[in-house]
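Enquirer: Mind having a look at this structure? Questions to follow.
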Amino acid sequence: MHIGVIYGLLAAALFGASTPFSKILVGQVSPVALAGMLYLGSGIGLLLCIVVRAIFMRTEKPVSLTPPDLPWLSGAIVAGGIAGPVLLMIGLTLTPASSASLLLNLEGVLTAMLAWFVFKENFDRRIFIGMLLIVVAGAILSWEQIPVLGVPWGALAIVGACLCWAVDNNLTRKVSASDPLQIACIKGLIAGSVNLGIALFLGYVRPDMRTVALAGFVGFFGYGLSLVLFVLALRHLGTARAGAYFSAAPFVGVIVSLILLGEIPGAVFWVAAALMGAGLWMHLTESHDHDHEHEAMTHLHEHSHDAHHQHEHDFEWDNAKSHAHSHSHTALLHRHPHYPDIHHRHEH
């Protein structure tokens, strides 16, 4: 299995499992405060990981963010780190956790739509059909949430969160060649601090330490480590396909919800789940293979020497470990299965 697929599915599993736990916590603390604690927990946890890596692990120096990366990262933090989590927490107060988990599948759809039509990433018929199945499933599930009179505000809030994260994903792809720990840590610390600041300004009462600790723990795994893995998936798969594999997250959330919260979904839920499962299967079985040309370029990222990295070094290297340095690619024409990763963002 492609390493990018593994990263994407692991990221999905961690984030999906966090949704039911957030559902439990959202009844004990305001949505804004909970969003802040989740992201601050991820930021603090990842900061400790960075410190441990620097002290105990002798690895190549990671590729740090550069000034041109900051506007992209700032936009990602505002959309995905501040607005998205607050909308999700609001939606969870009005929607069963299992249904909320499936609605989160729309993040992958919206991510792909932005990647295809705004950022001009390649897609084919199979990926489009898979996304269409997920859209239909989300529509069915949202319809089930419509009250007798009024608007399904819970479902709409979760869809809004998905749109915020779709913007976040596309902007984060722009910096995905940099250190994923640094990206996720900065995002967690800033987004968490802002959301907690908003909660304090609005006068929300601070929760007990047990709730704070549990929220930090959930945030570290469900938002911190999940984001690190997702950045790696973006690097290897491109935005739309990473979002497609991330669509597995809601199914993990559903399983945990059914076990942890004892929810019993109705028939409509299972129809939606089947459609979403079929859409995910279309993504997992997609293959993209054609003659393509690499233009000459110079960039910086962590890499090993493969078909795309055949260059000399002006420093000692053991010919085995991955390493990071500025390197040049010569023009190359060849054919192999590939994704729109950082080396395959060509026209079709």
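The values are calculated or read from the model by the stated rules, or taken from the named source; none is laboratory data. Every value quoted in this text rests on a predicted model; they were computed, and no experiment measured them. Note: ideal-geometry Cβ built from the backbone for every residue, glycine included; neighbour counts use all protein chains shown.
Enquirer: So if I check each of Ile198, Ile158, which one is modelled with pLDDT of 80 or more and over 22 Å from the mean Cα position of the chain (by Cα)? Show your work before the answer.
Expert: Working: Ile158 fails: over 22 Å from the mean Cα position of the chain (by Cα).
Testing whether each residue is modelled with pLDDT of 80 or more and over 22 Å from the mean Cα position of the chain (by Cα) leaves just Ile198.
Enquirer: Here's a follow-up. Do we have Gly222 as buried (at least 22 other Cβ atoms within 10 Å of the Cβ) and under 20 Å from Cys162 (Cβ atoms) here? Steps first, answer last, please.
Expert: Working: buried (at least 22 other Cβ atoms within 10 Å of the Cβ): yes; under 20 Å from Cys162 (Cβ atoms): yes.
So Gly222 fits the description; yes.
Enquirer: Would you point out which residue out of Phe251, Phe201, Phe246 is more than 25 Å from Ala137 (Cα to Cα) and not aliphatic (A, V, I, L, M)?
Expert: Details: Phe251 fails: more than 25 Å from Ala137 (Cα to Cα); Phe246 fails: more than 25 Å from Ala137 (Cα to Cα).
Step by step, each of Phe251, Phe201, Phe246 is checked, and only Phe201 is more than 25 Å from Ala137 (Cα to Cα) and not aliphatic (A, V, I, L, M).
Enquirer: Related question: Among Leu9, Leu34, which is the only one that is closer than 16 Å to Ala161 by Cα and either within 14 Å of the chain's Cα centre (by Cα) or hydrophobic (A, V, I, L, M, F, W, C) (or both)? Spell out the reasoning first.
Expert: Details: Leu9 fails: closer than 16 Å to Ala161 by Cα.
Every option except Leu34 fails the conditions.
Enquirer: Condition first: touching a helix residue (DSSP H, G or I) at 6+ places or on another chain (Cβ under 6 Å) and either of a type in the set (A, V, I, L, M) or at pLDDT below 75 (or both). Now tell me which residues in region 272-282 satisfy that.
Expert: As a first pass, look at region 272-282 and keep what is touching a helix residue (DSSP H, G or I) at 6+ places or on another chain (Cβ under 6 Å): 272, 275-276, 278-279, 282.
Result: Ala272, Leu275, Met276, Ala278, Met282.
Enquirer: Okay, moving on. Could you check how many residues of region 49-98 are within 21 Å of the chain's Cα centre (by Cα), aliphatic (A, V, I, L, M) and farther than 25 Å from Ser30 by Cβ?
Expert: 5
Enquirer: Looking only at region 198-219, which residues are surrounded by 15 or more Cβ atoms within 10 Å (Cβ to Cβ) and part of a helix (DSSP H, G or I)? Walk me through it before giving the result.
Expert: Of region 198-219, the ones surrounded by 15 or more Cβ atoms within 10 Å (Cβ to Cβ) are 198-199, 204, 207, 211-212, 214-219.
Of everything in region 198-219, those that are surrounded by 15 or more Cβ atoms within 10 Å (Cβ to Cβ) and part of a helix (DSSP H, G or I) turn out to be Ile198, Ala199, Thr211, Val212, Leu214, Ala215, Gly216, Phe217, Val218, Gly219.
Enquirer: Scan region 79-106 for residues that are under 27 Å from Ile190 (Cβ atoms), at pLDDT below 80 and in a helix (DSSP H, G or I) and report the count.
Expert: 6
Enquirer: Six or more apart or on different chains, Cβ under 7 Å: which pairs go from a residue in region 205-226 that's of a type in the set (Val, Ile, Thr) to one that's assigned to a loop (DSSP other than H, G, I, E, B) and buried (at least 18 other Cβ atoms within 10 Å of the Cβ)? Could you list them?
Expert: Thr211/Val29
Enquirer: Something else about it: When you go through (1) under 30 Å from Gly203 (Cβ atoms); (2) assigned to a helix (DSSP H, G or I); (3) over 18 Å from the mean Cα position of the chain (by Cα) one by one for Gly43, which number turns out not to apply?
Expert: The number of the failed condition is (3).
Enquirer: With the structure loaded, tell me whether Val175 is outside any helix (DSSP H, G or I), out of contact with any Cys (no Cβ under 8 Å at 6 or more places or on another chain) and over 21 Å from Phe21 (Cα atoms) or whether it fails that test.
Expert: Working: outside any helix (DSSP H, G or I): yes; out of contact with any Cys (no Cβ under 8 Å at 6 or more places or on another chain): yes; over 21 Å from Phe21 (Cα atoms): yes.
So Val175 passes the test.
Enquirer: Quick check on region 118-132: of everything there that is at pLDDT below 85 and assigned to a helix (DSSP H, G or I), which residue is surrounded by the most Cβ atoms within 10 Å (Cβ to Cβ)?
Expert: From region 118-132, those at pLDDT below 85 are 119-128, 130-132; that's our starting set.
Add one more test, that the residue is assigned to a helix (DSSP H, G or I), and what stays is 125-128, 130-132.
Details: Arg125: 9, Arg126: 14, Ile127: 20, Phe128: 14, Gly130: 25, Met131: 27, Leu132: 14.
Filtering region 118-132 for residues that are at pLDDT below 85 and assigned to a helix (DSSP H, G or I), the one surrounded by the most Cβ atoms within 10 Å (Cβ to Cβ) comes out as Met131.
Enquirer: Now a separate question. What number of residues within region 54-75 satisfy the criterion of being part of a helix (DSSP H, G or I) and in contact with a Ser or Thr (Cβ under 7 Å, 6 or more places away or on another chain)?
Expert: Taking region 54-75 as the starting set, the residues that turn out to be part of a helix (DSSP H, G or I) are 54-56, 67-75.
Now drop any that are not in contact with a Ser or Thr (Cβ under 7 Å, 6 or more places away or on another chain), which leaves 69.
The number of residues fulfilling the criteria is 1.
Enquirer: Which residues, counting only those in region 227-240, are in contact (Cβ under 8 Å) with a residue 60 or more places away in the chain and not polar (S, T, N, Q)?
Expert: From region 227-240, those in contact (Cβ under 8 Å) with a residue 60 or more places away in the chain are 227-230, 232-240; that's our starting set.
Matches in region 227-240: Leu227, Val228, Leu229, Phe230, Leu232, Ala233, Leu234, Arg235, His236, Leu237, Gly238, Ala240.
Enquirer: Taking region 10-66 as the search range and keeping residues that are of a type in the set (Val, Ile, Thr) and under 24 Å from Thr93 (Cα atoms), which one is modelled with the lowest pLDDT? Spell out the reasoning first.
Expert: Of the residues in region 10-66, the ones of a type in the set (Val, Ile, Thr) are 19, 24, 26, 29, 32, 44, 50-52, 55, 59, 63, 66.
Adding the requirement that they be under 24 Å from Thr93 (Cα atoms) leaves 19, 24, 26, 29, 32.
Working: Thr19: 78, Ile24: 78, Val26: 75, Val29: 81, Val32: 82.
Only one residue fits best here, namely Val26.
Enquirer: Another one. Check region 243-262 and report whether any residue there is part of a loop (DSSP other than H, G, I, E, B), more than 25 Å from the chain's Cα centre (by Cα), at pLDDT 80 or above and surrounded by fewer than 23 Cβ atoms within 10 Å (Cβ to Cβ).
Expert: no
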